[in-house]
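Q: Sending over a structure as structure tokens; questions will come in a sec.
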Amino acid sequence: MPATLIYLVKSTGDVEYLLSDDAQRALVKCDVMGTGFKSDLEDALSRFVEFSMDTGTATGGTNTTCIDTGKSWEVNIWAGGVLEVHTAADGLAHYSTIVSNTATTITMGALAGAVSVASGDDYAIRLQQGIVDVYSWGGTVQTGRDMGAYGMPFLGTVYVNQDTAGADAARRFETTSTKLRDVLIKVTTHAQNFGDSSNQYLLIQPGGTFAISQIDISTLYFANATAGAHGTVTILGVNDT
């Protein structure tokens, strides 16, 4: 079975992985075989968090530039990205951090081995992405903000409630629309059936729990599974507002 990369974080001097068991074994094997093998694998795995944003064939260049006269890039749109160029001179793929760019020329750090980009060399521009930068939503241009300055957005308040049956009729926690997420529901004392306003078919025994990712809790009904056996239902979730 192929190794699966779940998540990767590359920090200064370290490469940290959260991998499938197969990938973990692959890293261990490479480490035993030698640091060169492990380094090659780490470099390959790092590509999983890099997205190819543009590709092309160079019309010229130097050891620190890549020229494509067929492009019309926005100035410095690729600054901070990574240029991958396959040079025909040595038949190798080279990687370098992009310093700046004009409409047709990328300026990057010097390529290893003093090799130069030449006409006909294929290249790809890669950016390491963590959060998607949304330009527009529903036709409205969005204004970005520095997440480092503002921190993570507010994620909602806790919703908690408890209901003990007083009759056998179906009941619910809310009578008006109340949207929740990450919901956990637990039954105690006596079994309860869950469903919609017309049918409650899901039987949950005392001590049983179940989870719902998102729900308008006003649409969830529950009732005693056995007539006269009044059960208690407890709910914990997050207000999705």
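Q: Restricting to region 78-112, what's the tally of residues that are assigned to a loop (DSSP other than H, G, I, E, B), of a type in the set (Val, Ile, Thr) and within 14 Å of THR55 (Cα to Cα)?
A: Going through region 78-112 one residue at a time, the tally reaches 1.
Q: Moving on. Tell me whether region 192-210 contains one or more residues that are modelled with pLDDT under 95, aromatic (Phe, Trp, Tyr) and in a loop (DSSP other than H, G, I, E, B).
A: Looking for residues that are modelled with pLDDT under 95, aromatic (Phe, Trp, Tyr) and in a loop (DSSP other than H, G, I, E, B), one finds none in region 192-210, hence no.
Q: On the basis of being surrounded by 17 or more Cβ atoms within 10 Å (Cβ to Cβ), at pLDDT 95 or above and assigned to a loop (DSSP other than H, G, I, E, B), does HIS230 make the cut?
A: Spelling it out, it is not the case that HIS230 is surrounded by 17 or more Cβ atoms within 10 Å (Cβ to Cβ), at pLDDT 95 or above and assigned to a loop (DSSP other than H, G, I, E, B).
Q: What are the pairs, 6+ residues apart or on separate chains, where a residue within region 211-229 that is closer than 11 Å to ASP168 by Cβ has its Cβ under 6 Å from a residue that is open to solvent by 40 Å² or more (accessible area, probe 1.4 Å) and of a type in the set (A, V, I, L, M)?
A: Cβ pairs passing all conditions: ALA223/ALA170; ALA225/LEU203.
Q: A further question on this structure: Of the conditions (1) modelled with pLDDT of 90 or more; (2) touching a strand residue (DSSP E or B) at 6+ places or on another chain (Cβ under 7 Å); (3) not acidic (Asp, Glu), GLN142 satisfies every one except a single condition; which number is it?
A: Single failed check for GLN142: (1).
Q: Ok, one more. Are any residues in region 162-191 open to solvent by less than 60 Å² (accessible area, probe 1.4 Å) and either without any contact (Cβ under 8 Å) to a residue 24 or more places away in the chain or assigned to a loop (DSSP other than H, G, I, E, B) (or both), and if so, which ones?
A: Result: ALA165, ALA167, ALA170, PHE173, GLU174, THR178, ALA191.
Q: Could I ask something else about it? Evaluate region 9-30: report whether one residue or more is among the polar types (S, T, N, Q), at pLDDT 60 or above, assigned to a strand (DSSP E or B) and closer than 22 Å to LEU127 by Cα.
A: no
The values are calculated or read from the model by the stated rules, or taken from the named source; none is laboratory data. Not measured: the values here are computed from a predicted model. All Cβ positions, glycine included, derive from the backbone under ideal geometry; neighbour counts span all protein chains shown. Note: accessible area is taken over every heavy atom of the protein model, side chains too, but ligands, DNA and RNA are not part of it. Shrake-Rupley method; radii C 1.70, N 1.55, O 1.52, S 1.80 Å.
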